[in-house]
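The structure appears below as C-alpha cells.
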C-alpha cells in the first residue's frame, strides 16, 4: 500500500486569487501614498534648508488645542500622535484581517513573515546597541521599522511585474513589523504612566467594541468614542498611537468560508474608508512635519553621519534588517523543511529583505520619542533618510536583476484563457476564490 505523499510547505507561494486581488488593491493605494510621502519629505527637506527655515520651525512648533484636556499640542505632536493613530488603526485592521480571513489564517503560511518580521526587529536593534554601547543606547529601536508606503513606492519604480507572492510577503512583513513597533513604543518609550486615564480609556474602547461587534457603522457614535479612547490613552503617558491599534483590533472580520455571499464586514468597510486617508493624508503630513532637518551642506552631512547614533541607525537599516529577515526566514524554512516556490529563489528574498530596510515613518517617530527635539534628533533624521535611501537603491538593483524572471511569472499569473476573470494558475491550484 503506497503512502500518501507529504505536502512540502513552500516559501513565497502565490496563495489564493481572492487574497491576491485584495492585496493588489491595497498596494495600489499604498503606492500612491508612497509617492505623496516622498513629496512631503522633499518639501520638508527643501524648506528646512532654505532661507525660510525659521517659518518651518515656527509651523512645527505652533501650539493648538484645548489646554484643559492636556491637548494643547504643537502641530508636530498632532501629526505624530494624532495622524499616525489613523495609520496604526489601518495597520491593526490589516493585521487582524490577514490572520482571521486572509491566507495567513493558516499557521504554516503565517510562520514565515512573522518570523521574518521578528528577525528584522531583533538584529537591527543588536547592530545599533553594539555600535552605541556606553552611549545613546536608548535609540536601539529606531532601525527596526519598515515603511510600507516608501517600500511599495520603490517597487512601483522597479517594475510592475513583481510576482504577487513577493508583494504579499512584503506587505505582511511590514504590517507585523508595525505591530511590533507599537508594542516597543508602548513598553519601552512610555516614560510616565498615569493609571487612571489608562483605565478610563477602557470605557470608550469597550463601548466602541460592543457597537462594532453589533455591526454599527454610524460615525456619529463611533468617532466620538474613538476620539475619547485616543485622548485618554494620550493623557496616560502611553503613546496615543497605541489606541489606534487597539481600535483596529476591536473591529470584527468576516471569515470567507463562513460568510460567503455576505456583504463586506466592518473591517473591510473601515479599511476601504480609512486607508486612503492614512496613505494619502496622515502619513504624508507627518513626513512634512517630521522630515525637516537642516543638513548644513556636505560638511554638516559628514558630521551627522560620523556620530555613533547615525552609524548605528544606518547599519541597522542597511545591514541588520536584511540579515535579520534572511536569517529568520532561513531558520524557519530549515525547521519546517520548506522550499522556495517554483521560479523564485533566495535572491528574491534578499531583495525583499533589503527593501525592508526602508524605514521612515515609524523610525522617525521612535527617534522623536527616544531623543526629543535637538541635535541628536536631527542626526536621527539624517541617518534614517540616508539609510532608507541606500537600502532602497540596493534593493532596486537586486530586484531589477531578476526582472526577466518576474515578467515570466507575471505573464503566467495574468493568463486567463477561460475569460472568467480568474487567472488560470489560481484555478489549477484548486482555489479560484
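No lab work stands behind these numbers, since they all come straight from the coordinates. Keep in mind it's a predicted model, so treat the numbers as computed, not measured. FYI the Cβ positions are ideal-geometry reconstructions off the backbone, even for glycines, and counts take in every protein chain you see.
The figures follow:
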quantity: Packing-based exposure ordering (other Cβ within 10 Å, fewest first) of 236, 218, 363, 50; calculated: 218, 50, 236, 363
quantity: Cα centroid separation, the range 111-130 to the range 57-94 (Å); calculated: 29 Å
quantity: Label-point separation, residue 46 to residue 63 (7 Å along Cα→Cβ), nm; calculated: 3.3 nm
quantity: Label-point separation, residue 189 to residue 281 (7 Å along Cα→Cβ), nm; calculated: 2.4 nm
quantity: Rounded, prolate or oblate (a/c below 1.5 giving rounded, otherwise prolate when a/b exceeds b/c) for the range 265-409 by Cα gyration tensor; calculated: oblate
quantity: Cβ-Cβ FRET estimate between residue 156 and residue 133, R0 fixed at 51 Å, reported to 0.05; calculated: 0.85
quantity: Distance between the range 260-326 and the range 337-411 - C-alpha centres, whole angstrom; calculated: 11 Å
quantity: Simple spin-label estimate for residue 390 and residue 272 in nanometres, 7 Å along Cα-Cβ; calculated: 4.4 nm
quantity: Residues of the range 212-234 with amide N under 17 Å of a point placed 7 Å along Cα→Cβ from residue 202; calculated: 229-230, 232-234
quantity: Residues 269, 239 arranged by fewest to most Cβ contacts within 10 Å; calculated: 269, 239
quantity: Gain on full stretching of the segment that runs from residue 301 to residue 72 - 0.36 nm per residue minus C-alpha separation; calculated: 79.0 nm
quantity: Relative contact order (%) - the range 123-220, alpha-carbon pairs under 8 angstrom, separation at least six; calculated: 22 percent
quantity: For the range 123-277: rounded, prolate or oblate by the Cα gyration tensor [a/c cutoff 1.5]; calculated: oblate
quantity: Per-residue Cβ neighbour rank within 10 angstrom, fewest leading, 63, 98, 368; calculated: 63, 368, 98
